[in-house]
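What follows is one structure encoded as C-alpha cells, with my remarks underneath.
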Amino acid sequence: MYTPDIINLRNFYATGFGESVRSLIADAVLQFWPTTGSDIVLGMGYATPYIEPYMEQSANLVACMPAQQGAIYWPHGGDNLVLIAHESELPFAESSINRVLLIHGMENSEQLSWMINEIWRVLTPNGKLLAIAPNRHSLWSRSSRSPFGYGRPFSISQMRDLLTEQHFTITNTSSALFMPPTRIKFLWRIAEKLEKVGRFVCRFLGGFLGGVVLVEAEKQIYSSIRQPVVEAKKYRGAIIGTRPAMTKFLR
C-alpha cells in the first residue's frame, strides 16, 4: 500500500489547493476545540498544520510523527516541537496528555489497534481524542489529488466501532471538506458557504457527504471494563446437612 511520506505531505500543504483544504478542515477542528487552555496537546500523524492555531493559546504543544512517514522540523523559526516514534510505542508517560489530534495517521497505520491503544494509555482520565480520517463514502477517498485518497478510508460507524473497541467513549461526530476534489478556483471561492450547508445537511445524513470524518472520543476509566460484572448467585434453598451457625447458642 502506497503511503504519502513527509515530503509528499509537506509539499501538498505548501500549495494553494492544500492550503484551501487545510483551512476548511481546521475550521471544523475549531468547532470541536475552540480553545485548549493549559491542556497538553499532542498532534499525531501529520497534525502540525492543524495544531498551529493553538500555539497562541497554549505552550504545551508537541507533534509526534510516525517512523514510516518521517518527520520535519516544526515550527519554523522556533524551538523544535516534533519527535519521531513508532506509532505503537509512544515516548510519553501514562496519563500525561490531555488532548490528542490524530490526522493522516489512521488510514496509513500499520498497527491501527495498537496505535489507538497507545493513545488511550498516554491520555489522562477524561482526556480527549479527535480522530480525522478520509470518508469512505466520499469522492476524496477515490481521488489521488490529495493525501486523503491513499490508504484505508473509514465511515463514521467504522470509526465508532474501532474507538469503542479500544475503550473510548464517543462524544461527538462530524464531517468536513464538502467541496469536490477539484482545483477549479471558482468553486473554492464559495467553499466556505458549501461547508456551512454541508454541516447542516450532515446532521441528517450522518456524514456521508464530507471528504473527511471527525470523531471525538473521551477516555473514561469505567469503559475499560470489557466483561460485565456477574452478580454472585444466592442459594434460595437450605443445603442438606447444614444448620445456621448460631443454632446451638439459641437452644
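No lab work stands behind these numbers, since they all come straight from the coordinates. Treat the numbers as computed from the prediction; the structure is a model and nothing was measured. For neighbour counting, all protein chains shown are included, and Cβ atoms are generated from backbone atoms with ideal geometry for every residue, glycine included.
Overview of results
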item	result
Residues 167, 104, 76 arranged by fewest to most Cβ contacts within 10 Å	76, 167, 104
Loop sites in the range 38-142: GluC sites (Glu not before Pro), DSSP, at most 16 other Cβ within 10 Å	56, 89, 94, 110
Rel. contact order, % - alpha carbon contacts under 8 angstrom, at least six apart, the range 23-102	34 percent
Calculated from backbone phi, Karplus (6.51, -1.76, 1.60) coupling profile of the range 64-70 in Hz, x at Gly/Pro	10, 10, x, 4, 5, 8, x
Cα centroid separation, the range 136-201 to the range 36-98 (Å)	23 Å
Neighbour cut-off at most 16 other Cβ (10 Å), DSSP loop, trypsin sites (Lys or Arg not before Pro), the range 149-194	183
Residue order, fewest to most beta carbons within 10 Å, for 196, 219	196, 219
The range 37-80: chymotrypsin sites (Phe, Trp or Tyr not before Pro) in DSSP coil with no more than 12 other Cβ atoms inside 10 Å	73
